[in-house]
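Since every read-out is calculated from the coordinates, none of them should be taken as a lab result. Since this is a predicted model, take the numbers as computed values, not measurements. Here the Cβ positions follow ideal geometry from the backbone for every residue, glycine too, while neighbour counts run over all protein chains shown.
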Amino acid sequence: MPLDLSANLVELTLAVCNVESVSGNESQLADQIEVALRKSSHLSVSRDGNAVIATTNLGRAQRVIIAGHIDTVPVANNLPAVLHHFEREQVIVGRGSVDMKGGVAVMLKLAAELSEPRYDITWIFYDNEEVASDLNGLGRISRNTPEVLVGDFAVLCEPTSALIEGGCNGTIRVELIARGVKAHSARPWMGSNALHSLTPALTTLSAFEPETVTVDGLDYRESLNAVMVSGGIATNVIPDLATLTVNYRFAPSRSASEVEAKLRELFPEYELNITDLALGARPGLNLGMAQEFAAVVNIPARPKYGWTDVARFAELGIPAVNYGPGDPSLAHADNENVPVGHLFDCHAGLGGWLRG
């Protein structure tokens, strides 16, 4: 069944969820979104791979970008999505309902409805957000057609429990490498155990007190954790190589050089290889359009701790916030579910701002 943008928001969310679109398999949903949006004469629709872009071109003085990804993590016996009554409220249960097809449904509904918005709007429905950064559809658009990502303000409809979450923390992953000498485990004194050499790093991590850094009026809590460890070739061999992977989530005010220097200072006895680095995004809530948005939605802003694509907008000089239905702590969970009330709250909040 093709997507019907005239359906009510609950029906539309269920329909979007029930087109399976695990990362790399978004073509069917992208096709349906493209066909549905082309029925709106006020939109100009284009395609970049499995990303769909729809724009209004009304000559407004300002342009806003509303974006959301259409892919999900793998299905875990949680499709088809279904409507349930749960703790005195209706919820849609199913893969992608939170991250982030509830937000995509709100976007689709508003894109079809808003033929005369107060700003020109670029609606972006993109692919491959849940996988490696170099595959990200928004990043691909910025390389292929950078003129698409020109705007004065952006809203990313990631799940925020229908609250405003400004900016996002940055993230860096590093490998700490310890070296030793192989030996038979019956004669360990003849070698040097590389795994045991990771003990100081683990002690440092256990004792680490994360900072809370205030950026543009929002308090970003940082974190530093071991997330993977590897080493050894057999159960009777003292390992001569061990690797500890550490993930540092840092405030958006920190630079790449500052973050790297901090980690090298914390772990001076190890080889340190950076395997992933993405800077955060300042919230920009002190800027005019962000203040207007917050005033219309009438909800206090809070910080976004996880990394999101608002950082891509920040890199382009476009202030951006996260605002969408669904509890982010349920993203990727097998029991992923979005309250119907969140859908209508975000439809009303985002729509009210765009209508003026």
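Using alpha carbons only, how many degrees (0 to 90, rounded to 10) separate the axis of helix 27-37 from the longest principal axis of the chain?
Once rounded, the angle reads 30 degrees.
Rounded to the nearest Å, what's the spacing between the alpha carbon centres of region 7-67 and region 256-308? Just the number, please.
Going from one Cα centre to the other spans 29 Å.
What is the count of Lys pairs in the chain whose alpha carbons sit under 26 Å apart, if the two are 8 or more places apart or on different chains?
Here the count comes out as 6.
For region 171-278, what is the per residue volume of the convex hull drawn over the alpha-carbon atoms, in cubic angstrom?
Value for region 171-278: 91 Å³ per residue.
Which order results if T308, T212, T204 are arranged by neighbouring Cβ count within 10 Å, fewest first?
T212, T204, T308
Quote the Stokes-Einstein diffusion coefficient, in whole µm² s⁻¹, for region 110-238, based on the Kirkwood radius over alpha carbon pairs, a temperature of 4 °C and a viscosity of 1.567 mPa s.
Taking Rh from Cα pairs, D becomes 64 µm²/s.
Where the Cα atoms of region 296-356 are projected onto their three principal axes, how long is each span, largest first, in whole Å?
37, 29, 17
Just the ratio, please: alpha-carbon radius of gyration of region 1-90 over 2.2 N^0.38 Å, N its number of residues.
That ratio works out to 1.26.
Output the antiparallel fraction of DSSP beta bridges having both residues in the chain, as a percent to the nearest 5.
Taking every DSSP beta bridge within the chain, about 75 percent pair in antiparallel fashion.
Residue-wise, which Karplus ³J(HN,Hα) couplings in Hz belong to region 121-138, taking 6.51 cos²θ - 1.76 cosθ + 1.60, θ = phi - 60°, and x for glycine or proline?
Values per residue, Gly and Pro as x: 10, 10, 8, 10, 10, 10, 9, 6, 7, 8, 10, 4, 4, 6, 8, 4, x, 5 Hz.
What number, in percent, do you get for the relative contact order of region 152-196 if the mean sequence gap of Cα pairs under 8 Å and at least 6 apart is divided by its residue count?
24
For P2, what is the net charge nearby, where nearby means another residue's Cβ is under 12 Å from its Cβ and Lys, Arg count +1, Asp, Glu -1?
Net charge around P2: -1.
Could you tell me which label, among [x] 132; [y] 156; [z] 145, carries the value of volume of the Cα convex hull per residue in Å³ calculated for this structure?
Recomputing volume of the Cα convex hull per residue in Å³ here picks out [y].
What does the convex hull of the Cα atoms of region 71-157 come to per residue, in Å³, rounded to a whole number?
Given the Cα convex hull of region 71-157, per-residue volume reads 139 Å³.
Computed over the Cα atoms, what is the radius of gyration of region 242-293 divided by 2.2 N^0.38 Å, N being its residue count?
With N residues counted in region 242-293, Rg over 2.2 N^0.38 Å equals 1.58.
Quick one: if you stick a label point 7 Å off each Cα along the C-beta vector at E20 and D276, how many nm between them?
Result for the modelled spin labels: 2.5 nm.
If I take every Cα pair under 8 Å that is 6 or more residues apart in the chain, average their sequence separation and divide by the length, what percent do I get for the relative contact order?
Reported as a whole number, the value is 23 percent.
Give the relative contact order (percent, whole number) for region 1-114; include only Cα pairs under 8 Å separated by 6+ residues.
31
Which one, P210, I233, A178, is farthest towards the positive end of the dipole of region 171-278 when Lys and Arg carry +1 and Asp and Glu -1 on their Cβ?
So the residue we want is I233.
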